[in-house]
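Each remark here refers to the structure printed beneath this line.
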Amino acid sequence: IGSSNITPIDCSVAVTTGGVAQNIIAANKNIHGFIIMNIDNTNGGGEPVWMSFTGTAAAGASGSYALAAPTVTTYAQPGSFSAPIGFGANKNVSVIAATTGHVVSCTKW
């Protein structure tokens, strides 16, 4: 059973520099969980976002996971990850997208 009544905190980002990984969540043993979603259907024209829980995210690399882009007109089927109960953030969580300004939605608790 996970902790109850934890206040959600917005950790969303716009990628600072395309092609360069950045931390979306800093390592913190007090984080109980998080959700990350690729919501941007305009910047990068539907590109995936890559994320890593154990190091620096890199497109197509071992240890990185792709979050698919939503459809252009309806935002349907965005790629997302929801941390299961007990999966915290003891290491930095990083993301990378090819395009500067690509928006990634994130909530941690």
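The condition of being more than 20 Å from Gly79 (Cα to Cα), assigned to a loop (DSSP other than H, G, I, E, B) and touching a His at 6+ places or on another chain (Cβ under 8 Å) does not hold for Ile31. Restricting attention to segment 1-8, does a residue exist that is among the aliphatic types (A, V, I, L, M) and either closer than 16 Å to Thr99 by Cα or at pLDDT 95 or above (or both)? No, segment 1-8 contains no residue that is among the aliphatic types (A, V, I, L, M) and either closer than 16 Å to Thr99 by Cα or at pLDDT 95 or above (or both). Being basic (Lys, Arg), more than 20 Å from Asp10 (Cβ to Cβ) and within 15 Å of the chain's Cα centre (by Cα) is a property that does not hold for Lys108.
Here Ile96 meets each of (1) in contact (Cβ under 8 Å) with a residue 40 or more places away in the chain; (2) out of contact with any Gly (no Cβ under 9 Å at 6 or more places or on another chain); (3) not charged (D, E, K, R) with one exception, condition (2).
Do you know which of the residues in segment 23-56 that are open to solvent by less than 40 Å² (accessible area, probe 1.4 Å) and over 10 Å from the mean Cα position of the chain (by Cα) is modelled with the lowest pLDDT? Per the criteria, the residue is Gly44. Note on segment 93-108: among residues that are polar (S, T, N, Q) and assigned to a loop (DSSP other than H, G, I, E, B), the one that is most open to solvent (accessible area, probe 1.4 Å) is Thr100.
May I ask you to list the residues in segment 38-92 that are in a loop (DSSP other than H, G, I, E, B), of a type in the set (S, T, N, Q), out of contact with any Lys or Arg (no Cβ under 7 Å at 6 or more places or on another chain) and closer than 23 Å to Ala26 by Cα?
Across segment 38-92, the qualifying residues are Thr56, Ser62, Ser64, Asn92.
The values are calculated or read from the model by the stated rules, or taken from the named source; none is laboratory data. Please read these numbers as outputs of a predicted model, since none were measured by experiment. Quick reminder, even Gly has a Cβ in these numbers, built from the backbone with ideal geometry, and neighbours come from all protein chains shown. Ligands, DNA and RNA are excluded from the accessible area calculation, which covers all protein heavy atoms including side chains. Shrake-Rupley method; radii C 1.70, N 1.55, O 1.52, S 1.80 Å.
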